[in-house]
Amino acid sequence: MESARLILSMLVNNESGVLTRISGLFARRGFNIDSLSVGETQDSRVSRITIQAAGDEYVREQLVHQLEKLHDVLVVEAMDVSRIVARELLLVKVRAAPETRGQALDAVTVFRAKVIDLTPATMTMELTGEKTKLDAFIAFLEPLGVIEVCRTGVTAIGRGGYVLTNTKEE
């Protein structure tokens, strides 16, 4: 089978060491985490973890099965990419001398980015979107001189009524 993009979403107890146990499971099995996003949910006792990795159907099943065994994992699901909205956040700092600042601002307009910091020599921009959009934005800015790039991991939420809910009883 061909390797595909996997997006695993899980609800976990918001406690120390949970992320270490999850990442350790990936390391022990020899799976690379391509992207990781963690944040508290509407319930401060629960965090949502979104992990992007590569693998076939077998890898997906193994990861879900192994993650479900972890005590602090309340629910884990391999998300159906056709039923979710997935986004990533990018912060990028470029050289913005007066003679190239207009080009940087053109990129902001075209990609619907936002300028979040501006100095006489640099411009820092924020952009949210899918990986391909963020990659294209960076490529567009390369001729200006990209100084620094910072990206979050992918985060995803179900479309419409598709909701990840805690299925374990307390």
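What follows draws every value from the coordinates through simple rules; no lab data is involved. Because the structure is predicted, anything quoted here is derived from the model rather than measured. We place every Cβ from the backbone using ideal geometry, glycine too, and count neighbours over all the protein chains shown.
Table for the structure above
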| quantity | calculated |
| --- | --- |
| Total lysine pairs under 25 Å (Cα atoms) in the chain, excluding pairs fewer than 8 apart on one chain | 6 |
| Sum of side-chain charges, residue 78 neighbourhood, beta-carbon under 9 Å (Lys, Arg +1; Asp, Glu -1) | -2 |
| The chain: radius of gyration and largest Cα-Cα distance (Dmax), Å | 18.9, 61 |
| Neighbourhood net charge (15 Å Cβ-Cβ; Lys/Arg +1, Asp/Glu -1) for residue 124 | +2 |
| MRE, 222 nm, helices only [DSSP H, n ≥ 4, -39500 (n - 2.57), over the chain, to nearest 500] | -8500 deg cm²/dmol |
| Radius 15 Å from Cβ of residue 135, net charge of other residues (Lys, Arg +1; Asp, Glu -1) | +1 |
